[in-house]
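Chemist: One structure, pasted below without further comment.
The values are calculated or read from the model by the stated rules, or taken from the named source; none is laboratory data. On a predicted model such as this, the values are computed, not experimentally measured, just so you know. Heads up, the Cβs are rebuilt from the backbone with ideal geometry, glycines too, and the neighbour counts pull from every protein chain shown. Heads up: the accessible areas ignore ligands, DNA and RNA and are worked out on the full protein's heavy atoms, side chains in. Shrake-Rupley method; radii C 1.70, N 1.55, O 1.52, S 1.80 Å.
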Amino acid sequence: MTPDWRRPETTLLLLVAVFACLIAVPRLQAGTTGKIAGVVKDAKTGEPLPGANVFIEGLPLGAATDEDGTYFILNVPPGTYAVTAQLIGYQTTKITDVKVMVDLTTRLDFELSPEAVEGEEVVVVAKRPMIQKDVVSTEVRVSKDEIQLMPVDNFNEVVEVQAGVVEGHFRGGRLGEVMYLVDGIPVNDNFNNAMAATVENSFIQELQVISGTFSAEYGQAMSGVVNIITREGSDRLEGHVNLYAGNYLTPHDKIFWNLGHADGKDIQNLELSLSGPVPLWKKLKFFVNSRLYDDNGRFYGRRVYTIEDDDPFQPHGDSAFVPMGNYKSFSLQGKLSYYLLPQVKLSYTVLLDDIETKGYDHAFRLAPDGIKTHFQNKIHQNFIINHTLSKSTFYTLKLARTEANYRGYVFEDPFDPRYVIPERGNPRSGYTFRSGGNQSDRYDRTTTTYLSRLDVTSQFQRHHKLGLGAEFKQHEVENFYTRFRAASQDPTQYHDIVYPEPKSPGHEFYFKKPREFAAYLQDVMEYEDLVVNAGVRFDYFDPNTEMPADLRNPLFIPQFPSGERRARVKTQVSPRLGVAFPISSQGVIHVSYGHFFQIPNFDQLYRGIFDDNGVTKTQVASSTGESGALDVVVGNPDLRPQQTISYEVGFKQVLIENLAMELTAYYRDIRNLVDTEILETYNGNKYARFINRDYGNVRGIILSFEKRFARHWGMRVDYTYQFAEGNASDPQSVFQDNQSDPPNEPEKKMIRLDWDQRHTLNFSFAMGTPGNWNMTLLGKMGSGTPYTADKFFNPVDITFRNDRNKPAVYTFDLRADKQFSFKGTRITAYLFIDNLFDRLNEKIVYGSSGRAGFDYNTKFAGDIVGLHTIEEFVLNPAFYDPPRQFRVGIKFGF
């Protein structure tokens, strides 16, 4: 029988065969190691020296120079090393402080002098160049030492102060368009594309943030890549104990209740790390880090009402302050590394997280016991084999499993007798807090990803690093959601609740097993005056589910046409090109271009798609035809990949010693973004469904200056001028527009996106004496993002969204530390101050005023039925960034 190549089973078999073929050919290592290359010459004559041995101290890595004195060393983990060159008849020369970075080449040239005294060694300290000439797009690398000196508590804060990043949006893209990797392995939770693992700062060796175009080795991302390289065990036993306590200290007590106590009870942290060789087995090295963190948060409510209360004038609470945004976490992270042979390295990494938190709900501020508690349990494991086949070729096999479980409820038992009906405590007037009650929904979902990846790097010729790569991922996503309702109309039976029947509106459960395959071809060409990174990527995605064939009969009602079909397999090819032109020893121009695709998240693919006795149906509320309400959005397994085409040109130049500037211009054309459409069934019900319909474009310029840390100070400043425009910001904008009667018209022209910050200025300033004292100040300033003015208060008839600007924002964070030594123990006392000047940055505003603290619509609100004022309700702490936060800590190291 002739195979049908359109069938997903046949296509997958073909791709598996391609993957098997790729095993036998060289592949490119995906973002975990770097390269050292250079030339060895005679110091007197300048002639190249063939046969010289160059090796890295502490690693079984080295090379011999060829006939023209050149050498290269591949597969070097990121870090700082001492590199030695030796040749009989010449003095041994060692260069220290050699910094190696992921995916980049460190140029290291030696000049050897004829040996005058037998055994004499020359030691030279390397000086890192101000510009890296083989970088073909915008990226930033932050080492572990730099992170430790910054006033940040997690790596996301480091990412946020990079040029082009605005509250998680990379260069104007939507949230969820960034790929997160740990040791080159993707760790995204594909349900919503958030990160499915926590990596503590103490466990990071190097942080790589790519906000421009990126090479073909990276896929399933449209806006950026964050690559975290974890630390390995040290050569000798080392340990650290880090503890701090802090408070939110602000005078804005009308907005932020119950803050301002300097007792160290708001925030508490204890972190332990240990590293070194395993006793009695010195070749096996370990690094382990554990952290306990407890933050009561900036959101407090007051227990005026209990859950059972209903009458706003008959409260039974004790009026105690209750945290409503608290965050508690425990993490355990470790890594084992072992050289089975000098050419074979094994490593195993595990990341464990246990998180408990609450999400602030302003309506419950006087009945805070009624909000859900959210739980997260995550575990990521990977096993890596790194095998050097020759001086020019090595391969890496990676196996990984990532699991993330999220669940939330007010009480663990779904039928806990403390639950009350949803109507209990509902507000009886506008601008009014609830007078009791509880949230009625609960959820439990788990996403698991199994990954296998094979990479090989081969220096095919002196100027070519040629490779291919392949990766397979099997996903499992299980999602449960429900919401109870009152079992009867009798208000006295307020504990009598009932849940929807399975497979009926209000009860969602599905289990899906989509799969992915990817392969890429790439060539990095390095010449003296030209570097080219050219590649192409192929991606395959199988939703692996059935779906209704007739969208007007998603429930398969017998009297109407019905049927089901297989969701289509999605494939795409992504070309990538980056070129760097060194125009002098102190300047370089780069140009890059690429196509970037990303499968929509699993929630958008599978929401409401369930199996009923072997038939796949779509969950559509049966009540919509009767009530006229439109309250259901369902997934679409046939969503096409979202697409971005990016262009970038940049110029880097050293201005004077230790000072460099960079100018970058970019443009992004964005297509096939997800939104919704409104469908009507044969029996008159309406529902919304995700489709590809949104579009946008982003253009901007970044100007950066960097003064390298020298003579006790260093500084970096970058300014971004950016336009982020599109037809919609919200993937559910059409659904939201249809909530009004008559529905709002969709936009017919490009508008500013919600995160369109036209002017952004970031800076970091550091000063001090390493090993003695340090101070670092981080600053971020930005013009206001847009909001939509209420038409009633708009003097001009504005008919489009995001026509006004919110107030400008700025924040400054400070870290200062002093280091001591006592009987071999290193002691560091430090102070963190976040939001140093206690700036009230308004991130959400009222459409009537454009401010967070005042709403003109209150003039028409009437009397409040409750025990609070309108002002107390209007002042919503969730509308503001966090207030000033102090943390005082001490760190012990041995």
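Chemist: Based on the mean of other Cβ atoms within 10 Å per residue, sort peptides 569-577, 210-218 so the most packed one is first.
Modeler: My ranking of the peptides, most packed first, is 210-218, 569-577.
Chemist: Under 1.5 on a/c is rounded, so check that first for region 167-308, then, if it is not, pick prolate when a/b is larger than b/c and oblate when it is not; a ≥ b ≥ c are the square roots of the alpha carbon gyration tensor eigenvalues.
Modeler: Verdict is oblate for region 167-308.
Chemist: Another question about this same structure. Say the cut-off is 29 Å between C-alpha atoms; which of Lys686/Lys748; Lys285/Lys891; Lys345/Lys378; Lys285/Lys391; Lys94/Lys465; Lys144/Lys823 go over it?
Modeler: none
Chemist: So, one more: Which sequence of Thr393, Thr644, Thr80 reflects their accessible areas, 1.4 Å probe, from the largest down?
Modeler: Descending order: Thr80, Thr393, Thr644.
Chemist: Averaging sequence separations of C-alpha pairs under 8 Å and six or more residues apart, then dividing by the length of the chain, give the relative contact order as a whole percent.
Modeler: Result for the chain is 10 percent.
Chemist: Which order do His507, His316 take when ranked by solvent-accessible area (1.4 Å probe, heavy atoms of all protein chains), largest first?
Modeler: His316, His507
Chemist: I would also like to ask the following. Helix-derived [θ] at 222 nm for the chain: sum -39500 (n - 2.57) over DSSP H runs of at least 4, divide by residue count, nearest 500? Please list the in-between numbers first.
Modeler: Numbers: 7 runs with 45 residues, N = 894.
Result for the chain: -1000 deg cm²/dmol, rounded to the nearest 500.
Chemist: Arrange the residues Lys282, Lys35 by how much accessible surface each exposes, largest first, with a 1.4 angstrom probe.
Modeler: On the way: Lys282 140, Lys35 10 Å².
Reading off the accessible areas and sorting them downward yields Lys282, Lys35.
Chemist: I'd like the FRET efficiency for Ser821 and Thr80, computed as 1/(1 + (r/R0)^6) with the beta carbon distance as r and R0 of 22 Å, rounded to 0.05.
Modeler: 0.55
Chemist: Roughly speaking, what is the stretch gain from Ala126 to Leu659, that is 0.36 nm per residue apart minus the C-alpha to C-alpha distance, in nm to one decimal?
Modeler: Additional length available on full extension: 190.1 nm.
Chemist: Can you give the accessible area of Ile255, probe radius 1.4 Å, in Å² rounded to 10?
Modeler: Ignoring ligands and nucleic acids, Ile255 comes out at about 10 Å².
Chemist: Which order do the peptides 686-692, 435-441 come out in when sorted by mean C-beta neighbours inside 10 angstrom, highest first?
Modeler: Those peptides, ordered most packed to least, come out 435-441, 686-692.
Chemist: Moving to a separate point now. Which whole-number percent gives the relative contact order of region 401-556, counting Cα pairs below 8 Å spaced six or more residues apart?
Modeler: Result for region 401-556 is 20 percent.
Chemist: Any chance you could run the full-extension gain for Val888 through Arg552? It's 0.36 nm times the residue separation minus the Cα-Cα distance, nm to one decimal.
Modeler: Taking Val888 through Arg552 to full extension adds about 114.8 nm, to one decimal.
Chemist: While we're looking at this one, here's another question. Just the accessible area for Leu352, please: 1.4 Å probe, Å², rounded to the nearest 10?
Modeler: Result for Leu352: roughly 60 Å² accessible.
Chemist: Return one number: the angle in degrees, 0 to 90 and rounded to the nearest 10, between the long axis of the Cα atoms of helix 8-22 and the longest principal axis of the Cα atoms of the chain.
Modeler: Helix 8-22 and the main axis of the chain meet at about 20 degrees.
Chemist: Based on the Cβ-Cβ distance from Asp612 to Thr373, what FRET efficiency comes out when R0 is 41 Å, to the nearest 0.05?
Modeler: In this case the efficiency is close to 0.80.
Chemist: Can I ask one more? Using a 1.4 Å probe on the protein heavy atoms only, what accessible surface does Phe484 show? Give it in Å² to the nearest 10.
Modeler: 0
Chemist: Need one number: nm distance between label points at Lys391 and Arg804, each 7 Å from Cα along Cα→Cβ, rounded to one decimal.
Modeler: 7.0
Chemist: Tally Lys/Arg at +1 and Asp/Glu at -1 over every other residue whose Cβ is under 15 Å from the Cβ of Gly69; what's the total?
Modeler: With Lys, Arg at +1 and Asp, Glu at -1, the neighbours total -4.
Chemist: Moving on. If I stretch the segment between Asp263 and Glu680 completely, what's the gain in nm (0.36 nm per residue apart, minus their alpha carbon distance), one decimal?
Modeler: Stretched fully, the Asp263-Glu680 segment lengthens by 144.2 nm.
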